[in-house]
Amino acid sequence: MERSRIVVAGASGLIGGALVRSLTADGHEVVRLVRRAPRAKDEVRWDPEGKSVDPAGLTGCDAVVNVAGAGVGDRRWTDAYKTRIRCSRVLGTTALAEAIAALDEKPRVFVNGSAMGYYGETGDRAVDESAPPGTGFLPELCVEWEGAAAPAREAGVRTVFTRTGLVVARGGGAWGRLFPLFKAGLGGRMGDGRQYWSYISLHDEIAAIRHLIDTDGLSGPFNLTAPNPLTNREITAAMGRVLHRPTLFTVPAPVLRTVLGEMAGDVLGSARVLPKRLLESGFTFAFPDIESAIRAA
């Protein structure tokens, strides 16, 4: 890929930060959208919940990537926090899509974050991008989140949705909380451990986003999950093998529901999600199995 100007919203997060480092290392010009007063040359102010973006920051860009949003697993899902999760995604996406649509010279591609939560509870049933949305807070959020990108798509900009799974990384996300527990010998399965967890290494997440930016003709939803989702029980055993720690502890479902509230449904729920369209597009996973993903982290 030739040197490009790429705008990234959510650059301070786990995925956004890694994406910025990857693009910068390869010589691309990256513009980071920030919600405070800019403090560096590569920063541009935006107000996602106020649905405003400084258009000067988008001018001349080749791609816009939006991975901004309040962390789904950062705290208990109170009504107020659920509103914050929704607004940070839907309003921010609306702001970017409308700003992109208004540009005289539009970017080649708009890559907008989404999540495997789109599918809700799938049990043992494997689903790909052709599956309908599930029911509940996360599926409804994902449908609205993806729908908010309509102005960019309707303006003729190639628009991609990244339905990301659980990112295996040491420095953030769900695995950022799991690693210290397992290293301390306190790791174990959650509930009965039979629920499927669809994961992806941080390396493959970033490589997949860049693949979707670079590959003309790709649009619509793509599941960013490794090809072989496993049960929580299987992942727990793999963590123990890689980290050489016992995995004797079990967190009973009632305890998770008490501690996490409604969010416990996402932890105990089963999501067996396959990256069908990503594989068909020619993408190759560097860390397709759980042990290699854990070692990479």
Count of region 19-65 residues which are surrounded by fewer than 15 Cβ atoms within 10 Å (Cβ to Cβ), modelled with pLDDT of 95 or more and in contact with a strand residue (DSSP E or B) (Cβ under 8 Å, 6 or more places away or on another chain): 1
Hits in region 16-27 (condition: closer than 26 Å to Gly173 by Cα and either part of a loop (DSSP other than H, G, I, E, B) or free of Cβ contacts under 8 Å to residues at least 60 places away in the same chain (or both)): Gly16, Gly17, Val20, Arg21, Thr24, Ala25, Asp26
Lone qualifier among Ala148, Ala155 - being more than 13 Å from the chain's Cα centre (by Cα), modelled with pLDDT of 95 or more and within 23 Å of Gly16 (Cβ to Cβ): Ala148
Residue identified as assigned to a helix (DSSP H, G or I) and closer than 27 Å to Gly165 by Cβ among Ala95, Ala131, Ala68, Ala56: Ala95
Among the candidates Arg189, Arg245, Arg177, residue that is over 19 Å from Pro288 (Cβ atoms), open to solvent by 20 Å² or more (accessible area, probe 1.4 Å) and assigned to a helix (DSSP H, G or I): Arg177
Selection from region 203-230 of residues that are open to solvent by 20 Å² or more (accessible area, probe 1.4 Å) and among the polar types (S, T, N, Q): Thr215, Ser219, Asn228
Selection within region 134-145 - modelled with pLDDT of 95 or more and in a loop (DSSP other than H, G, I, E, B): Gly134
Criterion (in contact (Cβ under 8 Å) with a residue 40 or more places away in the chain, in a helix (DSSP H, G or I) and surrounded by fewer than 24 Cβ atoms within 10 Å (Cβ to Cβ)) met by exactly one of Lys106, Lys82: Lys82
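Residues are listed down the side, and each one gets a yes or a no for (1) open to solvent by 30 Å² or more (accessible area, probe 1.4 Å); (2) out of contact with any Pro (no Cβ under 7 Å at 6 or more places or on another chain); (3) acidic (Asp, Glu):
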| position | (1), (2), (3) |
| --- | --- |
| Gly113 | no, yes, no |
| Gly117 | no, no, no |
| Asp124 | yes, yes, yes |
| Val127 | no, yes, no |
| Pro133 | yes, no, no |
| Leu138 | no, yes, no |
| Trp145 | no, yes, no |
| Pro151 | yes, yes, no |
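The values are calculated or read from the model by the stated rules, or taken from the named source; none is laboratory data. Keep in mind that what you see is a predicted model, and the values were worked out from it rather than measured. Every residue, glycine among them, receives a Cβ derived from its backbone with ideal geometry; neighbour counts consider all protein chains shown. With ligands, DNA and RNA removed, areas are computed over all heavy atoms of the protein, side chains included. Shrake-Rupley method; radii C 1.70, N 1.55, O 1.52, S 1.80 Å.
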